[in-house]
Amino acid sequence: MRAIIDTNVFVSGIFWEGNFCSQIIDKWKNKKFELVSSMDILKEFAETLRNFKIQMSDEMIEEWRNLIIESSVIINPKIKLNVIKEDPDDNKFLEAGISGNADLIISQDKHLLKLKEYQGIKIVSPEEALLLIK
């Protein structure tokens, strides 16, 4: 199974142990699914951590970024979508999902979740994803 993890899931899982998001990160680290990401997603991830209310050192942010790069499939989407009009920035997750042949996009973002599915990719909450990832 291949999955995209939205930035909000990573941030929640990194800072709050034991929640559904941290369980998703644990499953990824234990190779229960293959993570697909893109440079746009990684850029958002690093910026979000840098600007988050709970401070994280630049070294720790770089460690997380490197872990994602080393332990996932980094793709360069060839398509540009304009599906999520309310928050066009979220389209990068759909673009990566399609280009990376993902089965799931795991998110807590209401704009993505209300789609439920896009071109065969299920868009699910972390709690739902845990039921799908064995």
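The values are calculated or read from the model by the stated rules, or taken from the named source; none is laboratory data. Not measured: the values here are computed from a predicted model. Ideal geometry is used to build each Cβ from the backbone, glycine not excepted, and the neighbour counts take in all protein chains shown.
Residues that are under 18 Å from ILE121 (Cα atoms), touching a residue at least 40 places away in the same chain (Cβ under 8 Å) and assigned to a helix (DSSP H, G or I) occur at least once in the range 37-57.
Look through the range 77-106, keep the residues that are more than 21 Å from ILE24 (Cα to Cα) and among the hydrophobic types (A, V, I, L, M, F, W, C), and return whichever of them is surrounded by the fewest Cβ atoms within 10 Å (Cβ to Cβ). Once the filter is applied, the top-ranked residue is ILE79.
The one condition from (1) on the phi < 0 side of the Ramachandran plot; (2) modelled with pLDDT of 95 or more; (3) assigned to a loop (DSSP other than H, G, I, E, B) that LYS31 does not meet is (1).
Scan the range 1-26 for residues that are assigned to a loop (DSSP other than H, G, I, E, B) and surrounded by fewer than 21 Cβ atoms within 10 Å (Cβ to Cβ) and the total you get is 5. With respect to (1) under 25 Å from GLY18 (Cβ atoms); (2) exposed (fewer than 11 other Cβ atoms within 10 Å of the Cβ), the lone exception for LYS29 is condition (2).
Scan the range 64-74 residue by residue and report those that are part of a helix (DSSP H, G or I) and surrounded by 15 or more Cβ atoms within 10 Å (Cβ to Cβ).
Result: TRP64, ARG65, ILE68.
Between LYS116, LYS122, LYS134, the distinction of being under 23 Å from LYS27 (Cα atoms), basic (Lys, Arg) and in contact (Cβ under 8 Å) with a residue 60 or more places away in the chain belongs to LYS134 only. The set of residues from the range 75-130 being among the acidic types (Asp, Glu), over 18 Å from CYS21 (Cα atoms) and either in a strand (DSSP E or B) or touching a helix residue (DSSP H, G or I) at 6+ places or on another chain (Cβ under 7 Å) (or both) comprises GLU86, ASP87, ASP90, GLU117.
Within the range 78-86, is even one residue modelled with pLDDT under 95, of a type outside the set (Ser, Thr, Tyr) and in contact with a Ser or Thr (Cβ under 7 Å, 6 or more places away or on another chain)? Yes, the range 78-86 contains a residue that is modelled with pLDDT under 95, of a type outside the set (Ser, Thr, Tyr) and in contact with a Ser or Thr (Cβ under 7 Å, 6 or more places away or on another chain).
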